[in-house]
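Below is one structure, written out as structure tokens; comments come after it.
Each value in this text was obtained by applying a stated rule to the coordinates, not by laboratory testing. What you see is a predicted model; the values in this text were computed from it and never measured. Cβ sites come from the backbone with ideal geometry, for glycine too, and all protein chains shown count toward neighbours.
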């Protein structure tokens, strides 16, 4: 009998264990701490938010290594740590109060939808959960001391009406964020710290560090606080709160947030692979939903692009997008997972263009308006890519005009919102941005003193933008514009140095700058000639015409040799010296930089030259080397979901090398099965038989049951639903995908006489 009971107990434990395993959901793999310690520059932040939602928070500290929390967050308003308001729970004497308390802390837990922390010096437990435009704090006190809840507006105002605290904080460009907040227990007193003195029975505060303090007796054990935010006004913040959180039920809001995240992350289901592989995958997928954010509130939104409140007419308004980073992978990923959202985002960009004075397509739209950061205007690629992949519910012709004006009427000088000037006139006449020689003084006013001309980077990037304009013009039946821009899309050729095989800066007289070092010439971040990365990275920055790049380098064999050397070329200096000049070029394998966006497509270029097995090898090696389930698990700046989207694509086994071409280049998947639940209701499945860390090489393939020897497939293949089957092995099969016909499509090569000479 005893043996039977033991056996039954064993079966029961095993059953429960397996049930628990089955209950693990995608959200349970997300680790917001991944990458919270940066290798050199900006870390990731453990953000608590719902997908693409207006209200986002994370612990207020420079990065994970910081020893203190600077109060508790209320809302993050944009790019890298822009906080608004501040909340500090405190137990102690009045003379110990400060506008913001810095907390020692422990036992911190962050999930995408909840946050908890123990403020150990204060012996205060804090729990937090978030909705789209509102949230709840639960604060528990254990000391027998008076309780104070300190609320701070860094530059704005606060007031108490006897039931709720409300206020605003000024941001920039006439944009404000508004707060409406209710505690579940009314305070016995409301006071304010003003110039170091505590003013009791004060219900209003205004100016820098404006603060109000809700004070409670020493026997207070728990206080719940719910609040809403708005970019329109306080009344709208109140409406947002009342619409989303009707009471102080913390668990209800938290469970709803968990469900929301599971629905989103569950659009891609992976099977097989290691636990760490799944953590990296779902954490990366989670980060692609952090921005852009929807700021429509009950059908209205405040636009910093013209300083007005607008009706959204049923189409939500999105902002806070870093297009230079996100056009490469984040927007393409959204097209097949969240096609309506992507259409709404593009519609938002068009609205921004209409609201700004010059009708120029935005580049870095944020809560406070367009920043015009980085170089070129790759928003045009977002428009083309969406349209070519079937998104139709935006006005392509109107978007084209805004994109065209942004390229032709705004200066090409990086980090500038000035109109086109002398530099642009030279580019449009001569087909390249002229570079200054070392020591030559800058005379063009629109050139940023730190960012410089970035002569090669801007020439190559604008060539791609003009290719995108040509394709849109062709879609619109505008043959004249098509011919004009397709010719200009070859301007990268004007800087190709056939003797060295690199893109090399020229002066205004058409002479290459000499002497020249493709690793170190160009000053800080190589910005005189390139941008954040050196000439080895920009050697490959012709996303739209890889066939011609192969042609320029002398054929496939030479092309592959040059690719190999990119991963083998030594830094050339000590790490200290190298990164002192090129701090953005992190995650190095030779001169290849895994930590910066212009490098993402480089490992996939072997597919275009008949050696896809090298792409398969490189992708596994790079991801396992640089993306890990730990605090330093991301090699560079995450930049608005751009880097994370690269990981999502690459772990699934394919990548959009050329946004604007509706095709994907095949890499090597990390999972035995990937099921994509598409926006149109269909499924696309990738089955990688025998897939493992060792078995990373494709031996053969089938697409929808038919043999497939191409190292690419089309967007229609995904959206029509179907199955890609890959037989994996531990050694390369050089025959698979290696023929000329197997290579992914690329723009036709045009001869000097303007005649097509094949691809």
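Summary of computed values
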{"quantity": "Label point distance in nm, residue 82-residue 185, each placed 7 Å from Cα along Cα→Cβ", "calculated": "3.7"}
{"quantity": "Pairwise centroid distance, computed over Cα atoms, of region 405-447 with region 453-515, Å", "calculated": "14"}
{"quantity": "Share, in percent, of DSSP beta bridges within the chain that are antiparallel, nearest 5", "calculated": "95"}
{"quantity": "Helix axis angle, 339-355 relative to the chain longest principal axis, alpha carbon, degrees", "calculated": "90"}
{"quantity": "Rg(Cα)/(2.2 N^0.38 Å) for region 103-201, N = residue count", "calculated": "1.22"}
{"quantity": "Distance from region 661-694 to region 568-612 (C-alpha centre basis), Å", "calculated": "26"}
{"quantity": "Residues residue 683 and residue 624, FRET efficiency given R0 of 35 Å [Cβ-Cβ distance, rounded to 0.05]", "calculated": "0.80"}
{"quantity": "Estimated distance in nm for a label pair at residue 309 and residue 41, the labels positioned 7 Å out from Cα along Cα-to-Cβ", "calculated": "3.8"}
{"quantity": "Degrees, to the nearest 10: 234-244 long Cα axis against longest axis of the chain", "calculated": "90"}
{"quantity": "Packing-based ranking, highest mean first, of 127-139, 575-587 given that Cβ atoms within 10 Å are counted", "calculated": "127-139, 575-587"}
{"quantity": "Helical mean residue ellipticity (222 nm; -39500 (n - 2.57) per DSSP H run of 4+; nearest 500) of the chain", "calculated": "-8500 deg cm²/dmol"}
{"quantity": "Computed over region 577-635, Kirkwood Rh from alpha-carbon pairs, angstrom", "calculated": "12.3"}
{"quantity": "Rg/Rg_globular for region 140-264, with Rg_globular taken as 2.2 N^0.38 Å and Rg from C-alpha atoms", "calculated": "1.16"}
{"quantity": "Anisotropy class of region 661-704 from Cα gyration tensor, a/c 1.5 cut", "calculated": "prolate"}
{"quantity": "Extension gain, residue 494 back to residue 243 (0.36 nm per residue minus Cα-Cα distance, nm)", "calculated": "84.6 nm"}
{"quantity": "Fewest-first ranking of 411, 65, using other Cβ atoms within 10 Å as the exposure measure", "calculated": "65, 411"}
{"quantity": "Net length gained if the chain between residue 66 and residue 425 were fully extended (0.36 nm per residue, minus Cα distance)", "calculated": "124.4 nm"}
{"quantity": "Between 0 and 90°, nearest 10: helix 396-408 axis offset from the chain longest Cα axis", "calculated": "80"}
{"quantity": "Ranked packing of 249-260, 545-556, most packed first, by mean Cβ within 10 Å", "calculated": "545-556, 249-260"}
{"quantity": "With eigenvalues of the C-alpha gyration tensor scaled by 5 and rooted, region 223-372, Å", "calculated": "28, 25, 12"}
{"quantity": "Fully extended contour minus Cα-Cα distance, from residue 263 to residue 476, at 0.36 nm per residue", "calculated": "73.0 nm"}
{"quantity": "Calculated FRET efficiency for the pair residue 170/residue 95, C-beta based, R₀ 30 Å, to 0.05", "calculated": "0.50"}
{"quantity": "Global geometry of region 445-500, whether rounded, prolate or oblate, following the gyration tensor of its Cα atoms and the 1.5 cut on a/c", "calculated": "oblate"}
{"quantity": "Zone of residue 142's modelled label, taken as backbone nitrogen in region 103-120 under 12 Å from a point 7 Å along Cα→Cβ", "calculated": "106-107, 118-120"}
{"quantity": "Anisotropy class of region 341-414 from Cα gyration tensor, a/c 1.5 cut", "calculated": "prolate"}
{"quantity": "Per residue convex hull volume, Cα atoms of region 47-262, in Å³", "calculated": "116"}
